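The values are calculated or read from the model by the stated rules, or taken from the named source; none is laboratory data. If you're wondering where the values come from, they're calculated on a predicted model, not measured in any experiment. Cβ: placed from backbone, ideal geometry, glycine included. Neighbour counts: every protein chain shown.
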Amino acid sequence: MSSEIPFIISGIVFGLGGGLTPGPLMTLVITETLKHGTKEGLKVAMAPLITDLPVVLLSIFLLSKLSDINVVIGIILLIGAVFLVYLGYESFTFKGVEIDTKHFKPQSIKKGIIANIFNPTPILFWISVGAPTVLKGYEVSLMASIYFIFFMYFCLVGSKLLTAMLVGKSRQLLKSRNYMLIIKILGLVLFVFALVFLKDGLELLQIL
């Protein structure tokens, strides 16, 4: 079990990072909650469970076919490192959320699915970060990969559900000091993971 703990931690960090930081889906969770109530915000929060499966499976399949080509995987890991630095920077410079809650009918599930389908972040994440982590976990054990995916989506969706419930009670949450502090801490942790990906990528390219 001890060899699988790093993948559990990775899943938790990436899940919370994706679930709590600003983005199209988080904005939609918040706006639907404020405009139409907590129930509609909860519906939006569930969208990744519907839209991400094809992306997850396709990314893992494609990378598994390239797993013997160290140069390709090394380059992908370097891209993943850059992507994590970008996500970390976005989180670390987070200033709070300003939301416009005017008009529109509640069609939360439909809106959530559309927002996530046209959001490039899940695709970039799974190609450059998620799939390499799953394949690395598989080298340890099948359960390491399963734990990573489970805990990531548990935290990703769970944090958005929690955000919808808390925003439904107090919209001041979005600019609170504690909320912004959590986002900044997650940003720092993402920087650490970026260094890990950078190291692994350089080793596969035989630069280190």
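Which condition number does Asp52 fail, the rest of (1) surrounded by fewer than 14 Cβ atoms within 10 Å (Cβ to Cβ); (2) of a type in the set (Asp, Glu); (3) within 19 Å of the chain's Cα centre (by Cα) being met?
In the conditions (1) surrounded by fewer than 14 Cβ atoms within 10 Å (Cβ to Cβ); (2) of a type in the set (Asp, Glu); (3) within 19 Å of the chain's Cα centre (by Cα), Asp52 misses (1) alone.
Every residue in the range 3-16 that is modelled with pLDDT of 90 or more and either over 11 Å from Phe193 (Cα atoms) or surrounded by fewer than 21 Cβ atoms within 10 Å (Cβ to Cβ) (or both), please.
Those that are modelled with pLDDT of 90 or more and either over 11 Å from Phe193 (Cα atoms) or surrounded by fewer than 21 Cβ atoms within 10 Å (Cβ to Cβ) (or both): Glu4, Ile5, Pro6, Phe7, Ile8, Ile9, Gly11, Ile12, Val13, Gly15, Leu16.
Scan (1) at pLDDT below 80; (2) small (Gly, Ala, Ser); (3) in a helix (DSSP H, G or I) for the single condition Gly96 breaks and write down its number.
Unmet condition: (3).
Going through Leu173, Leu204 one at a time, which residue ends up being at pLDDT below 90, buried (at least 18 other Cβ atoms within 10 Å of the Cβ) and of a type outside the set (Ser, Thr, Tyr)?
Leu204
Across the range 1-25, what is the total count of residues that are in contact (Cβ under 8 Å) with a residue 40 or more places away in the chain and more than 12 Å from Tyr147 (Cβ to Cβ)?
Total meeting the criteria: 12.
Which one is surrounded by the most Cβ atoms within 10 Å (Cβ to Cβ), of the residues in the range 137-168 that are free of Cβ contacts under 8 Å to residues at least 12 places away in the same chain and not hydroxyl-bearing (Ser, Thr, Tyr)?
The selected residue is Leu166.
Restricting to the range 176-201, count the residues that are part of a loop (DSSP other than H, G, I, E, B) and surrounded by 17 or more Cβ atoms within 10 Å (Cβ to Cβ).
Counting residues in the range 176-201 that are part of a loop (DSSP other than H, G, I, E, B) and surrounded by 17 or more Cβ atoms within 10 Å (Cβ to Cβ) gives 0.
Just checking, how many residues over the range 18-51 are more than 13 Å from Leu161 (Cβ to Cβ) and either in contact with a Leu (Cβ under 9 Å, 6 or more places away or on another chain) or outside any helix (DSSP H, G or I) (or both)?
Of the residues in the range 18-51, 5 are more than 13 Å from Leu161 (Cβ to Cβ) and either in contact with a Leu (Cβ under 9 Å, 6 or more places away or on another chain) or outside any helix (DSSP H, G or I) (or both).
Got a sec? Which of Val55, Val29 is closer than 22 Å to Ser159 by Cβ, touching a Pro at 6+ places or on another chain (Cβ under 7 Å) and either of a type in the set (A, V, I, L, M) or free of Cβ contacts under 8 Å to residues at least 12 places away in the same chain (or both)?
Val55
State whether one or more residues within the range 159-175 are farther than 21 Å from Ile9 by Cα and either outside any helix (DSSP H, G or I) or in contact with a strand residue (DSSP E or B) (Cβ under 7 Å, 6 or more places away or on another chain) (or both).
Yes, that holds for at least one residue.
Going through the range 63-90 one residue at a time, which ones are farther than 29 Å from Gly187 by Cβ, touching a residue at least 60 places away in the same chain (Cβ under 8 Å) and assigned to a helix (DSSP H, G or I)?
Ser64, Asn70, Val71
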